[in-house]
1. Condition test on residue 65, is it at pLDDT 85 or above and surrounded by 16 or more Cβ atoms within 10 Å (Cβ to Cβ)?
2. Just give me the residues in segment 26-61 being among the hydroxyl-bearing types (Ser, Thr, Tyr) and surrounded by 14 or more Cβ atoms within 10 Å (Cβ to Cβ), in sequence order.
3. Take the conditions surrounded by 18 or more Cβ atoms within 10 Å (Cβ to Cβ) and either more than 19 Å from the chain's Cα centre (by Cα) or in a helix (DSSP H, G or I) (or both) and apply them to residue 176. Does it pass?
4. For residue 74, work out the one condition from (1) more than 13 Å from residue 145 (Cβ to Cβ); (2) buried (at least 16 other Cβ atoms within 10 Å of the Cβ); (3) at pLDDT 85 or above; (4) not assigned by TED's automatic domain parsing to the domain that holds residue 41 it doesn't fulfil.
5. Check off (1) within 15 Å of the chain's Cα centre (by Cα); (2) touching a residue at least 40 places away in the same chain (Cβ under 8 Å); (3) assigned to a helix (DSSP H, G or I) for residue 92 and give me the number that stays unchecked.
6. Out of 85, 133, report the one residue that is assigned by TED's automatic domain parsing to the domain that holds residue 17 and either out of contact with any Gly (no Cβ under 6 Å at 6 or more places or on another chain) or at pLDDT below 80 (or both).
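The values are calculated or read from the model by the stated rules, or taken from the named source; none is laboratory data. Source: prediction; values computed, not measured. Methodologically, a virtual Cβ is constructed for each residue, glycine included, from the backbone with ideal geometry; neighbour enumeration extends over all protein chains shown.
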Amino acid sequence: MTLPDKKQQVRQVHAMLIVEVVKTCHNKDNLSKLRPVLQASREKGWANLVDAIEQILQGHTNSKLLQNLDEEDSIIIDAILQGLQNPSTLPNPQTPQDPKAAAPGLAHMIYAASQGQAQAIQALTITATQMRQAGGDMTRLSALLRPLLDGERDANKLCQNLSPLAEKLLLDILENLNKLEQSTTH
């Protein structure tokens, strides 16, 4: 199995934000729903991304918005700009992520966040919010991100009350975390 490229993964992880920004550009009544998300993102250190989104909301849609953005932020802004021009390019927030692709990504985020990397902490916070909003297993898994970040690795404890599919994802995350942690101790 081949994993989706990084650009596609970023677009899918941030699909809800991308779609909400495009919706708000078309209907300013949605701004009250988007404002708290933007404020939370700004507080988590994503000021450059939020600044670019606010420029888009004010009607600025040129490629200069991509200046001063890191790779992930550039992918998000580019997806928003493409979505404004052609809504069929928007990622579907309802598309479930492939667990085989999600586990390594989540493990890397958790590991990097546990090392104090600010961008990883921000990404993990946004991912947890999106998981909670998805409901069901994703909500239960989102509640486990904090214990994982704090170093909990007891699979029996973490897998309580999870469906078989969610348990598989969690075990894959633990396996990937173990590999990351082992690679830094050698």
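1. Working: at pLDDT 85 or above: yes; surrounded by 16 or more Cβ atoms within 10 Å (Cβ to Cβ): yes.
Taking the combined requirement at face value, the residue satisfies it.
2. At the first step, the residues of segment 26-61 found to be among the hydroxyl-bearing types (Ser, Thr, Tyr) are 32, 41, 61.
Residues satisfying the conditions are 41, 61.
3. On the way: surrounded by 18 or more Cβ atoms within 10 Å (Cβ to Cβ): yes; either more than 19 Å from the chain's Cα centre (by Cα) or in a helix (DSSP H, G or I) (or both): yes.
When the stated conditions are applied, residue 176 passes them.
4. The number of the failed condition is (4).
5. Condition (3) is where residue 92 drops out.
6. Values: 133 fails: assigned by TED's automatic domain parsing to the domain that holds residue 17.
Exactly one residue qualifies, and that residue is 85.
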